[in-house]
Amino acid sequence: MPILLFGSQHLDLITGKKTTTIRKIWKKPLSPGDRLHCYWNLVSKERKKLFEAEVTDVEVAKFADLIKNDNLAHEEGFNDASELESEFRKMYPEHTNDDSLFQVIRFLKLPMEEWEGAQINEKAMITKRADILFDVGKFDKSVVCYTAALKIDPDDVYLLNKKGDNLSRLGEFQEALKCYDQALIIEPDNEYIWNNKAIALLNSNRPADALKASDKAMEINDNNLLVLYWRGFIFEMLERFDDALKCYNKILDLNPNDLEAWNAKGNLLSQIDRAEDALKCYDHSLELCLEDEPDASTWNRKGNALMELNRFKEAVECYDKALSLEHDNEVFLSNKGVAFMELNRFEDAVPCFRKVLIINPKNGDAQILMDECLENL
């Protein structure tokens, strides 16, 4: 019973597009008509059956010929023959002489009712693959899997929503909206999907429509913290700052330890020139961070609020805290340089801008600010 293991570069197996694989020649080479048991090996300790297949053709090829054949490399999931060569030299370090022999195996995926071994829940298997890829940020690959799973069950709301999330992260907002709309036909009272639709509309520069979708989510559950958070952001985009502030305050009434809400409220208060109140929010956020991982962005935002209050020395201290966590953040470095300039400490500001220019030589603002510092030395 020949067994084949496939990895993450072989996503076309799931869609049914891949019908070829290349393997080192075995002691007993395959022949047309042989049965294959094909397994997924995304994680080394996890081997789940993908499908069974019948071999339709086998071609024996020398390694020297394989590494010149871009078409075969594409079929095997590589960009070109040189990438195939690189990977095969790692996979088969003792089998890559010019005359080393490989099998080019072509196969036909069999219907599950014709399998010799135990059948599988194909939809669950594909969904699990998709979820793993989504969690590691491979959205272009996970959307392929969600699409394949939806071919099995087009009305699965979880799959529709996750495919929409993938498409949103890929910037394909109109396609994402189609997924959310289809899911909402099936589950019109799903507040999370209404909220996801609102986010996609907001990212499509349609804040008024986003608010309508958010209204629907609020009708279902007006205490959903995630809905309230994004609703506040929608109101900010519509410049309805009082309404946005009400959203963040309601979140904090429901959960006083919501770190993101404290930061969002602080950002909003800074935007509407309430720097003192913003500082209190950032301090709350930083107190909460002490129980978890330190947050560089909050230290930076607190520094910005202190700058607005002309408390430049304290701002420098905040930027130092931020930079202790993210040493090469050019925004933090620039902010620290500006704070030094406000203190007339031009000799201390110059190294900040010089480091920014090392990180990003195209940062024109840093160049202008450094030149100004040099003129004042």
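A few points about this structure:
- Evaluated against (1) at pLDDT below 85; (2) touching a helix residue (DSSP H, G or I) at 6+ places or on another chain (Cβ under 6 Å); (3) not in a helix (DSSP H, G or I), Ile120 falls short on exactly one condition, (2).
- The residue that is surrounded by the fewest Cβ atoms within 10 Å (Cβ to Cβ), among those in the range 54-69 that are farther than 23 Å from Pro93 by Cβ and acidic (Asp, Glu), is Glu59.
- Looking across the range 274-305, the residues that are outside any helix (DSSP H, G or I) and either at pLDDT below 90 or of a type in the set (A, V, I, L, M, F, W, C) (or both) come down to Leu290, Glu291, Asp292, Glu293, Pro294, Asp295.
- Every test in (1) surrounded by 20 or more Cβ atoms within 10 Å (Cβ to Cβ); (2) closer than 30 Å to Gly232 by Cβ is passed by Lys280 save one, and that test is (1).
- Of the candidates Lys265, Lys321, the single residue that is in contact with a helix residue (DSSP H, G or I) (Cβ under 7 Å, 6 or more places away or on another chain) and free of Cβ contacts under 8 Å to residues at least 24 places away in the same chain is Lys265.
- Close pairs from the range 117-139: first over 16 Å from Leu170 (Cα atoms), partner loosely packed, with under 15 Cβ neighbours inside 10 Å and of a type in the set (Val, Ile, Thr), Cβ under 6 Å, at least 6 apart: Lys123/Ile152
- Neighbours by Cβ (under 7 Å, 6+ apart or cross-chain): first from the range 186-206, more than 14 Å from Glu175 (Cα to Cα) and acidic (Asp, Glu); second at pLDDT 95 or above and open to solvent by 30 Å² or more (accessible area, probe 1.4 Å): Asp189/Ile220; Glu191/Ile220; Glu191/Asn221
- If the condition is being within 17 Å of Ala208 (Cα to Cα), part of a helix (DSSP H, G or I) and either open to solvent by less than 80 Å² (accessible area, probe 1.4 Å) or among the small types (Gly, Ala, Ser) (or both), then the range 234-258 contributes Ile234, Phe235, Glu236, Phe241, Asp243, Ala244, Cys247.
The values are calculated or read from the model by the stated rules, or taken from the named source; none is laboratory data. What you see is a predicted model; the values in this text were computed from it and never measured. We place every Cβ from the backbone using ideal geometry, glycine too, and count neighbours over all the protein chains shown. With ligands, DNA and RNA removed, areas are computed over all heavy atoms of the protein, side chains included. Shrake-Rupley method; radii C 1.70, N 1.55, O 1.52, S 1.80 Å.
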